[in-house]
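As structure tokens, the structure follows; a few thoughts come after it.
The values are calculated or read from the model by the stated rules, or taken from the named source; none is laboratory data. This is a predicted model, so every value here is computed, not measured. Here Cβ is always computed from backbone atoms with ideal geometry, including for glycine, and neighbour counts include all displayed protein chains. Surface areas here come from the heavy atoms of the whole protein model, side chains and all, with no ligands, DNA or RNA. Shrake-Rupley method; radii C 1.70, N 1.55, O 1.52, S 1.80 Å.
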Amino acid sequence: MDQPDLNLNMDFQLTDEQRLISESAREFADREILPRARDSDRAGRFDRELASKLGEVGYLGAPVAEEYGGRGLDYIGYGLIVEQVGRADSSARTVVSVQTSLVAGSIERWGSEEQKREWLPRLCSGEALGCFALTEPDTGSDAANLRTRATKTESGWAISGNKMWISMGNVADVALVFAQTDPAKKHKGLACFLVPTASEGYSSEEIHGKLGLRSSDTAEISLDEIELPDQAMLGEVGDGFKVAMSALDNGRYSVAAGCVGICDGCVEASVSYAKERRQFGVPIASFQLVQELIADMIVKRDAARMLVWRAGALKDEGQPNTVQTSMAKLYATEAAVECANAAIQVHGGAGYVDDYPVERYLRDARVTTLYEGTSQIHKLIIGRDATGINAMVPPSHDG
Ligand SMILES: Cc1cc2nc3c(=O)[nH]c(=O)nc-3n(C[C@H](O)[C@H](O)[C@H](O)COP(=O)(O)OP(=O)(O)OC[C@H]3O[C@@H](n4cnc5c(N)ncnc54)[C@H](O)[C@@H]3O)c2cc1C
């Protein structure tokens, strides 16, 4: 794996523009996202109106070039927005991450001029929503092993298969669908298609009963002989795996940034509660063991943030960053779960109900160590880089 130059300019100060981006995202999140979060979570309702608002303020596709409707922001700036959205509500953060990093980013990087003009302005404005359909019922971590088939026809391609756990799959206008064109070629036979969800043969069903991310839409998708023209392919035959991996490099960064937001929300809620709540005649913040819980959260939040900023700086410098992004994603997601758990402890019984945001933080954080590469997969990426040995695939299957 290419090694990045880690002698980054070690300036931990944000620029004035980045500070402004962060402050306005914080203000937007407090005004528009936070007040809706609990009700949407209770109702398990995807908030389409909020998704449109996110588009209106330029939080969907923020790093996409301005000529295609984005804001042309750098990755640090994008990460700062995602952190603030994630602090308010991970379901809203999912819309930003999927739409920006997985869908719009892939179209911008791999799409033809026609595909970019057709989809990017609408995705960036929030007029259209997208989803990223890689995972299948029998194919999760082993993403190269897809069963969905793309068969060449006279007029283009026919796609058939099933996708599982697809965020926004019921509400999207376009789905990035990954399919196998030639099973003998394994991951080199994969291709990615831009599938309008209005296509005949596309159907989806909502997945109910999730632990968290309850106001995020999650779908099981059925693809039944969908007919597509050649121009629907994103990149070339055989590019599918590269499209997926490049999208995930950016998606993981976005998830990690959102988790810094969860950690920060846990700190904020815990400090505030600990100063207010009195036991034994004093605020519970006076107890050393409560301060320990808070101090541990702060260290984890800051360490996660630094890993995210390092990954963002490498992306902005155009350097290889897959391993550093894995480190940020692994650490920040685990930190978010630990911080949320500790924040509930600080709140005592009050942390167990949704009067405070901390129980939602825990339920929402939990999935982040599973999707976009489980924590185990990220450890294997980091370990492979360190040792040169791929422990992800059993030796008899390797190569
Ligand atoms: C709410 C939600 C939203 C999602 N959104 C999307 C989406 O928008 N698009 C999309 O394509 N997917 C999405 N996913 C799917 C997600 O990316 C997968 O769940 C994830 O990749 C793990 O796959 P799996 O669930 O099949 O688990 P499995 O791959 O079956 O893993 C099960 C366990 O085995 C471990 N394991 C597997 N392989 C190895 C190995 N080689 N070495 C060590 N341990 C291993 C894993 O770490 C895990 O602990 C979403 C999932 C959820 C729950």
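Structure summary
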read-out	value
Top of 274, 365, 62 by mean-square fluctuation, Gaussian network on the chain, Cα under 10 Å	274
Centroid-to-centroid separation of segment 73-90 and segment 124-186 [C-alpha atoms, Å]	27
Degrees separating the helix 16-28 axis from the principal Cα axis of the chain, which is the longest one	80
Modelled FRET efficiency - R0 35 Å, residue 296 with residue 67, Cβ distances, 0.05 increments	0.15
The chain - percent of accessible surface contributed by carbon and sulfur, probe 1.4 Å	50
Using alpha-carbon coordinates, inclination of helix 322-347 to the longest axis of the chain, degrees	40
Ordering of 126-139, 151-164 by packing [mean C-beta count within 10 Å, highest first]	126-139, 151-164
Accessible-area order (highest first, 1.4 angstrom probe) of the listed residues 378, 208, 187	208, 187, 378
Candidate aspartates and glutamates - alpha carbon under 12 Å from residue 315, same-chain residues fewer than 8 apart omitted	5, 74, 249
Order by protection proxy (mean Cβ within 10 Å, highest first), peptides 20-33, 314-327	314-327, 20-33
Efficiency of FRET between residue 245 and residue 275 - r from beta-carbon atoms, R0 56 angstrom, step 0.05	0.75
Probe 1.4 Å, protein heavy atoms only - accessible area per residue of the chain in square angstrom	45
Listed pairs 275/329; 116/242; 186/329; 116/300; 152/329; 186/300 exceeding 29 Å between Cα atoms	275/329; 116/300; 152/329; 186/300
Value of [θ]222 nm, deg cm²/dmol, for the chain, DSSP H segments ≥ 4, -39500 (n - 2.57) each, nearest 500	-15500 deg cm²/dmol
Around residue 283: net Lys/Arg minus Asp/Glu count, Cβ-Cβ under 9 Å	+2
Acute angle (nearest 10 degrees) that the helix 288-316 long axis makes with the longest principal axis of the chain, alpha-carbon atoms	30
